[in-house]
1. Confirm whether VAL69 is in contact with a Leu (Cβ under 6 Å, 6 or more places away or on another chain), surrounded by 13 or more Cβ atoms within 10 Å (Cβ to Cβ) and either modelled with pLDDT under 95 or not hydroxyl-bearing (Ser, Thr, Tyr) (or both).
2. Considering (1) surrounded by 16 or more Cβ atoms within 10 Å (Cβ to Cβ); (2) touching a Phe, Trp or Tyr at 6+ places or on another chain (Cβ under 7 Å), say which one VAL165 fails and leave the rest.
3. Select from the range 82-99 the residues that are under 18 Å from THR143 (Cβ atoms) and surrounded by 23 or more Cβ atoms within 10 Å (Cβ to Cβ) and list them in ascending order.
4. Among all residue pairs at least 6 apart or on different chains, which show Cβ distances below 9 Å where the first residue, located in the range 64-91, is within 19 Å of ALA111 (Cα to Cα) and outside any helix (DSSP H, G or I) and the second is of a type outside the set (A, V, I, L, M) and at pLDDT 95 or above?
5. For the range 119-128, does any single residue satisfy the condition of being surrounded by fewer than 16 Cβ atoms within 10 Å (Cβ to Cβ) and farther than 18 Å from SER6 by Cβ?
6. Could you look through the range 128-164, keep only residues that are aliphatic (A, V, I, L, M) and either at pLDDT 95 or above or over 16 Å from the mean Cα position of the chain (by Cα) (or both), and pick out the one that is nearest to ALA39 (Cα to Cα)?
7. Of all the residues that make up the range 59-108, how many are on the phi > 0 side of the Ramachandran plot and among the aliphatic types (A, V, I, L, M)?
8. Check GLN108, GLN149 and return the single one that is touching a residue at least 40 places away in the same chain (Cβ under 8 Å), of a type in the set (S, T, N, Q) and part of a helix (DSSP H, G or I).
Amino acid sequence: MEQLISKAAESAKSLMSGVQASQLDASTPCKDFKVRDLANHMAGLAMGAERAAKKLDRIAPPDPMPDMVGDNPGAAYAPIADANAAAWSAPGALEGNTNFGPGEMPAQMAAAITLMELAVHSWDLAAATGQSYTMDPEVAAATYETVKQLASGSDRDGGPFGPEVQVSDSASVQDQLLAFSGRDPNWSA
């Protein structure tokens, strides 16, 4: 899992470095987020995931959330993504329980959620900013399994996943996972 998180973090960093200041107010596939909101969400999540990997107590995010990426999301996000990936690669990160998201959970699940957030939101960011992004096949497969596990019991109309989008049976794993998470794989800005 730690290698997949590292691959996804590298992709996220690359995509974040491609975001132009003029795109920060653009819409994204996440209906409640503009590009700046999405970049800040990704940064905040990576910081929380790093704490989870290190088995540190969860810190409630400030309300309102501060702007952590400014006008140069790539420069702001890179060290946060690196720290997140390094934390999950440390000995013991995947063992036992940790505090993440809504509360205590197995570290393996926190890592899977971290990977899912990195992969899916990287696609959101790429789609919103006109960048090309094809997930690593192993990242896509692992992320799809996590999405299927988490979305199966969630309220799709008010939870983290929207209603499933229909795609052909021959769609790529990436497109299947996006569709299952409630995203239209053909979405564009």
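The values are calculated or read from the model by the stated rules, or taken from the named source; none is laboratory data. Since this is a predicted model, take the numbers as computed values, not measurements. Backbone-built Cβ (ideal geometry, glycine too); neighbour counts: all protein chains shown.
1. Details: in contact with a Leu (Cβ under 6 Å, 6 or more places away or on another chain): no; surrounded by 13 or more Cβ atoms within 10 Å (Cβ to Cβ): yes; either modelled with pLDDT under 95 or not hydroxyl-bearing (Ser, Thr, Tyr) (or both): yes.
Judged against the criteria, VAL69 is not a match.
2. (2)
3. ASN84, ALA85, TRP88
4. Taking only residues 6 or more apart or on different chains, the pairs are ALA90/LYS54.
5. Narrowing the range 119-128 to residues surrounded by fewer than 16 Cβ atoms within 10 Å (Cβ to Cβ): none.
Within the range 119-128 (the criterion being surrounded by fewer than 16 Cβ atoms within 10 Å (Cβ to Cβ) and farther than 18 Å from SER6 by Cβ), the answer is no, since none of the residues qualifies.
6. As a first pass, look at the range 128-164 and keep what is aliphatic (A, V, I, L, M): 128, 135, 139-142, 147, 150-151.
The next check asks that each one be either at pLDDT 95 or above or over 16 Å from the mean Cα position of the chain (by Cα) (or both); those that pass are 128, 135, 139-142.
Details: ALA128: 11, MET135: 18, VAL139: 20, ALA140: 21, ALA141: 24, ALA142: 23 Å.
Here the answer is ALA128.
7. Of the residues in the range 59-108, the ones on the phi > 0 side of the Ramachandran plot are 70, 92, 96, 101, 103.
With the extra rule that they be among the aliphatic types (A, V, I, L, M), the set shrinks to none.
Matching residues across the range 59-108 total 0.
8. On the way: GLN149 fails: touching a residue at least 40 places away in the same chain (Cβ under 8 Å).
So the residue among GLN108, GLN149 that is touching a residue at least 40 places away in the same chain (Cβ under 8 Å), of a type in the set (S, T, N, Q) and part of a helix (DSSP H, G or I) is GLN108.
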